[in-house]
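Take a look at the structure set out below.
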Amino acid sequence: MQSGNIDFGYAFTWAWGNYWTAIRDYRPQFIRSIEYAGIATVIALVVSYPVAYWIAFRGGRWKNLLLLVIIAPFFVTYLIRTLAWETILADHGFVVHTLQNLHLVSSGGRLLATGTAVVAGITYNFLPFMALPLYVSLEQIDPRLIEAAEDLYANKIRAFLRVTFPLSLPGVVAGTLLTFIPAAGDFINAQLLGGPQNHMIGNVIQSKFLELSDYPAAASMSFILMGAILAFVAIYALVVGTEQLTGTAL
Amino acid sequence: MSAVAAERAPAKRSVAASIWRFVRRHVLTVYSLLFFIYLLLPIAVVVLFSFNNPPGKFNYTWSGFTWNNWRYWNGPPGIQSAIFLSLQIALIASLVATALGAMIALALVRYRFRFRAATNILIFLPLSTPEIVLGASLLTLFLNFTFVPFGRVTILIAHVMFCVSFAVVTVKARLIGFDRHLEEAAMDLGANELKTFQKVTLPLIMPAVLAAFLLCFAISVDDFVVTYFVAGSSVTFPVYVWGAARVGAPAQVNVIGTAIFLIAISGALANVLIQMRREKHA
């Protein structure tokens, strides 16, 4: 809520206008951040749930080793990991060529500098945050509960939907939050894998702070981001909470 | 392998069928293996391209094997000092953060005091805030603290700040299952508080303290976003990579990435294997 500029110094003037300007001028970036982070979170959940399930129920004595594989990406510096994806998805790389041959990407098409690449990068980078909480909550489920459901003539799918999945909900909630929160503020994937049209709110905050020295605008934007995330978390907790309540009522 | 395949060529269909049957029966296993390949693919690329011999500045396409990047790992100007700065900051920040975090954890678990709930929330806050918001707030803070010059000191303060939270959470988890009777026994046997702490409490929480230290070190070395905001003109290794990425990162970046990965993964692997062996014997 400061006004002024770098030359004259900043005075604290309760400049609420910063917030209106931030929302008015950067609405697309805000929406894109929530959108990309949301898609990445859902994909991460769908992709890693079966693996977490597999490790929890079929891992046996290899469990710890398999978990180590899950967190292995964390042992490579975040930026270097993302640069590796830049190499993989590069215009002359085999991924683009394969997709072109399958006509999933037009012959002159590319993956870099698209929203797909950014979402893929975010999904990859935060996958362990999703997989680990899922594993923890699935691992705690007593297999006898599932057997009991099957004894009571539930088929495999029903047993999963009525017993396994509801019991793993705490892991789903934790994983979604742990993935969504950092993903919404991320700017590295959008910068390295996307083009200017894929910039997220993190990119705007970063450039306002460090390149344009427009501190008041940047500060109000990071506050809006945090407020939006808090609001999202509160709504999410409310929805999931009530759903769990109705689940037990049934 | 190919000879066997050629011999069985007439039976190819049944082989394909049996593979298909195997895949169908073990859908989950096959899927998980594919998932692991996906997870490890970028790591393989990082390792592979550390041996690349790129003709120009761009290390994006494979153009030949060489050991030179490893031999001249500090070739690109600035990379060596960036690594040393990262290691130095990580070491100091994790020592300070672990010491503070262990004490905070002890206080939070053992005592009921006025602002206990508030402290708990404050500790949790950095863990649940996007890094960019943390970085931005710290930058704004330091901008108003004109007496602290941007650089090593501001990076250290920032790293200690977010590492403390991780240290507290790690040590707290161990303290919650802690048997207080052991301390009482030591006191009954005539040890004073300090002696009890030295001989009983500290050795018992040592694994957690060590884990907290390693965690803090790993997070600090790898941190880019917050560091980038408060670094001023100082260059840590991730900041160096970011700068280099804009003009084409040299292959030495992959060398360092691979080296960090190998050191960390071999430590973790040894730990897991020792655990597995212990479980087998138990």
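Here are the numbers for the structure shown:
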read-out	value
Helix axis angle, A:201-210 relative to chain A longest principal axis, alpha carbon, degrees	40 degrees
Cα centroid separation - the stretch B:206-253 against the stretch A:216-242, whole Å	27 Å
Compactness relative to 2.2 N^0.38 Å, alpha carbon Rg of the stretch B:183-234	1.90
D_trans [Stokes-Einstein, Kirkwood Rh over alpha-carbon pairs] for the stretch A:180-237, 10 °C, 1.306 mPa s, µm² s⁻¹	132 µm²/s
Tilt relative to chain A, helix A:78-88 - C-alpha long axis, 0 to 90 degrees, to 10	80 degrees
Pairwise Lys count, the protein assembly as shown - Cα closer than 28 Å, eight or more residues apart or different chains	5
Estimated 222 nm signal from helices in the protein assembly as shown, with DSSP H stretches of n ≥ 4 weighted -39500 (n - 2.57), rounded to 500	-23500 deg cm²/dmol
Three-way shape call for chain B based on the alpha-carbon gyration tensor, with the a/c threshold at 1.5	oblate
Descending semi-axes in whole angstrom, ellipsoid equivalent of the protein assembly as shown, from the Cα gyration tensor	37, 34, 27
Along chain B, longest interval not containing exposed trypsin sites (Lys or Arg not before Pro), exposed being DSSP loop plus at most 15 other Cβ atoms within 10 Å	B:115-282
Compactness of the stretch B:77-151, expressed as Rg and Dmax over alpha-carbon positions, Å	16.3, 53
Fully extended contour minus Cα-Cα distance, from B:Leu95 to B:Ser14, at 0.36 nm per residue	23.0 nm
Tail fraction, Cα-Cα pairs, chain A, threshold 30 Å, whole percent	43 percent
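Read the figures in this text as sums done on the coordinates, not as results from a lab. Since this is a predicted model, take the numbers as computed values, not measurements. Neighbour counts run over all protein chains shown; Cβ positions are idealised from the backbone, glycine included.
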